[in-house]
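Note sheet for the following structure.
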Amino acid sequence: MSLLFYISSIVAILATIMVITRHQPIHALLYLVVSFMAISMIFLSLGAPFSAVLEVIVYAGAIIVLFIFVVMMLNLDKETALQEKKWLQPKVWIGPSILALVLLIEMILLLLEPPSEKMLVTVVTPRQVALSLYGEYIIAVELGGFLLMTGIVGAAHIGKHTKRNLHRFLQNNH
Amino acid sequence: MSSIHAHTVLIVASILFVLGLVGVLTRKNVIFILLSIEIMLNAAGLAFIAAGAKWQQPDGQVMFLFILSMAAAEVSVGLALVLQIHHQHKTLDVEQLKELKD
């Protein structure tokens, strides 16, 4: 079980590195699917099967498909990849990467500070999650419903291509 | 059952988070910035799951569910904005989108 965790975390980190360094958006999306699958495997090895299933269904199945639809609609081609290549010079990425690396080292040092303790992996079943979700977190579930509804309405409103419809009296003046 | 150190999971989560942060800081394409934000949200969810697994409570998975629904709402609005930006400006470069500047 722990070997599974180590292998899948290495796969997740490598796939994520590939995501942020690709030039073609579609290649980055495919590597992101690999990364999500690996993270879902990590969830499974941590004893969270419900979250693992949701990770595959919602992230790799719905969000990535949305991204792929948008990339297809925008018709990003070779030109975009060349432009990305031009933007991704070492002098652009080396500064932020070093700063982020320093932050990462600080975080790892902080995490390693207290004495190490092993955690006992026991499976938290979907039944327990559902009882907690619809018991003590019911208000948050309703707020999540509001959030999704607002997201749908906002996306439908923003994504609409507005055609200029003038009144027939005003059309003559233009 | 075997055991995993809680440190290791949190270190993996922080590495993924920092990779997403580097993506947000270095890329200029809006689509890549949205992808990197997804990576960061996923890393935060991994930290929640690790905390839930350490104390064997379902609360970590509940928080992951909320992060999931928030990410879905955010990505739908963000991609609608990307479509509208491409329609109006014919570019996805964030440095050319500066109409709000003055």
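Could you identify the single residue in A:LEU99, A:LEU131, A:LEU112, A:LEU88 that is open to solvent by 100 Å² or more (accessible area, probe 1.4 Å), at the interface with chain B (Cβ under 10 Å from one of its Cβ atoms) and within 22 Å of B:LEU19 (Cα to Cα)?
Testing whether each residue is open to solvent by 100 Å² or more (accessible area, probe 1.4 Å), at the interface with chain B (Cβ under 10 Å from one of its Cβ atoms) and within 22 Å of B:LEU19 (Cα to Cα) leaves just A:LEU99.
In the stretch B:1-34, which residues are touching a helix residue (DSSP H, G or I) at 6+ places or on another chain (Cβ under 8 Å), surrounded by fewer than 22 Cβ atoms within 10 Å (Cβ to Cβ) and not in a helix (DSSP H, G or I)?
Residues satisfying the conditions are B:SER2, B:SER3, B:LYS28.
Can you run down the residue pairs with Cβ atoms below 9 Å, 6 or more apart or on separate chains, where the first is in the stretch A:101-117 and farther than 21 Å from B:ALA43 by Cα and the partner is exposed (fewer than 11 other Cβ atoms within 10 Å of the Cβ)?
none
Conditions tested, residue by residue: (1) of a type in the set (D, E, K, R); (2) touching a residue at least 24 places away in the same chain (Cβ under 8 Å); (3) closer than 18 Å to A:PHE5 by Cα.
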{"position": "A:THR21", "(1), (2), (3)": "no, yes, no"}
{"position": "A:VAL65", "(1), (2), (3)": "no, no, no"}
{"position": "A:MET73", "(1), (2), (3)": "no, no, no"}
{"position": "A:LYS85", "(1), (2), (3)": "yes, yes, no"}
{"position": "A:TRP93", "(1), (2), (3)": "no, no, no"}
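Residues in the stretch B:45-91 that are in a helix (DSSP H, G or I), of a type in the set (Val, Ile, Thr) and over 17 Å from the mean Cα position of the chain (by Cα): how many?
Going through the stretch B:45-91, the residues in a helix (DSSP H, G or I) turn out to be B:45-54, B:59-89.
Pick out the ones that are also of a type in the set (Val, Ile, Thr) and you get B:49, B:62, B:67, B:75, B:77, B:82, B:85.
Filter once more, so that each one left must be over 17 Å from the mean Cα position of the chain (by Cα): B:62, B:85.
The total comes to 2.
Kindly indicate which of A:ALA60, A:ALA52, A:ALA12 is within 18 Å of B:ILE31 (Cα to Cα) and part of a helix (DSSP H, G or I). Lay out the reasoning, then the answer.
Values: A:ALA52 fails: within 18 Å of B:ILE31 (Cα to Cα); A:ALA12 fails: within 18 Å of B:ILE31 (Cα to Cα).
Criteria check complete, one pass: A:ALA60.
For the condition within 13 Å of the chain's Cα centre (by Cα) and open to solvent by 10 Å² or more (accessible area, probe 1.4 Å), what is the one hit in A:ALA62, A:ALA81? Reasoning before the result, please.
Working: A:ALA81 fails: within 13 Å of the chain's Cα centre (by Cα).
Result: A:ALA62 is the single residue among A:ALA62, A:ALA81 that is within 13 Å of the chain's Cα centre (by Cα) and open to solvent by 10 Å² or more (accessible area, probe 1.4 Å).
Could you go through the stretch A:109-122 and let me know if any residue there is within 30 Å of B:VAL12 (Cα to Cα) and modelled with pLDDT of 90 or more.
Step one: of the stretch A:109-122, the residues within 30 Å of B:VAL12 (Cα to Cα) are A:109-122.
Then keep just the ones that are modelled with pLDDT of 90 or more; that gives A:109-110.
So far as the stretch A:109-122 goes, yes, one or more of its residues are within 30 Å of B:VAL12 (Cα to Cα) and modelled with pLDDT of 90 or more.
Checking B:GLY60 against (1) at the interface with chain A (Cβ under 7 Å from one of its Cβ atoms); (2) open to solvent by less than 30 Å² (accessible area, probe 1.4 Å), which test does it fail?
(1)
For the stretch A:8-30, which residues satisfy the criterion of being open to solvent by 20 Å² or more (accessible area, probe 1.4 Å), over 18 Å from A:LEU88 (Cα atoms) and touching a helix residue (DSSP H, G or I) at 6+ places or on another chain (Cβ under 8 Å)?
A:VAL11, A:ILE13
The values are calculated or read from the model by the stated rules, or taken from the named source; none is laboratory data. This is a predicted model, so every value here is computed, not measured. In this analysis, Cβ positions are derived from the backbone assuming ideal geometry, glycine residues included, and neighbour counts consider all displayed protein chains. Ligands, DNA and RNA are excluded from the accessible area calculation, which covers all protein heavy atoms including side chains. Shrake-Rupley method; radii C 1.70, N 1.55, O 1.52, S 1.80 Å.
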